[in-house]
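Please read the structure below before turning to the comments.
Every number in this text was worked out from the coordinates using simple rules, so none of it is lab data. Note that the structure is a prediction, hence the values are computed from the model and not measured. Cβ sites come from the backbone with ideal geometry, for glycine too, and all protein chains shown count toward neighbours.
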Ligand SMILES: [Zn+2]
């Protein structure tokens, strides 16, 4: 999933589609499709976007390619000017048949772009929207695990730590998971999925690998987060969708206890998981 913290100009209607999409994720049609040629879970991709020009660009891409699906939402780093009226715009975008999720939404305490109180409000309102529309959420969490879990648990005006996952009104994924086991456990208890990206392959990521080895197999997703977080051996370079294979390869080595031996197995399983979560046929 493209992690695209939209700068303010992204909200202007005049931003050119190819310029904008190309700038963040190099999703301009031809190279994008070529880069999708990966041997794992390649039949579809979910691309996050905001509610301005980027949304229209991503929706145009989703209309053009059968295997591309979209998510709409306001990223916490773009939420500084949040107005509740934006919900109407998101609701209208979400009515598009190729929109399968609300996201990325969440909390980011690392980048000082949006005051925490505004982030909390924007997240809570978008979680309500997801409950209202019956759509899963793609959650961005950077150094904000406690508050993310608290807001997810409270979503839809019900829930609570003891609420059985089956009755929790919200489905979703903690995307590009980078938190601790306690956070993973809390998310899993709510019925959430964990999305793993390039950092799973990094030298010092033993804690992250332990979580990926321990979480239920039917709750794991692999994703790119392109253009960021390229996996080893491309670390530090611009990430590309095809590199997700390296994340799947690594995950396969962590799940030998399940009898999972190949990246293809992991690709099949995580693709099934994603189809289930995003209700993609
Ligand atoms: Zn993110």
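Label sites at residue 268 and residue 110, each approximated as a point 7 angstrom past Cα along Cα to Cβ, lie 3.5 nm apart. Ordered by the number of other Cβ atoms lying within 10 Å of each residue's own Cβ, fewest first, 269, 105 fall into the sequence 269, 105. Shape of the stretch 176-281 from its Cα gyration tensor (a ≥ b ≥ c, root eigenvalues): rounded if a/c is under 1.5, otherwise prolate when a/b > b/c, or oblate? Because its axes are fairly even, with a/c under 1.5, the stretch 176-281 counts as rounded. Residue order for 98, 245, fewest other beta carbons within 10 angstrom first, comes to 98, 245. Ordering 111, 86 by the number of other Cβ atoms within 10 Å of each residue's own Cβ, fewest first, gives 111, 86.
Among 117-126, 190-199, the peptide with the highest mean count of other Cβ atoms within 10 Å heads the list, and the full ranking is 190-199, 117-126.
A full extension of the chain between residue 275 and residue 214 corresponds to an added length of 19.8 nm, given 0.36 nm per residue minus the alpha carbon distance.
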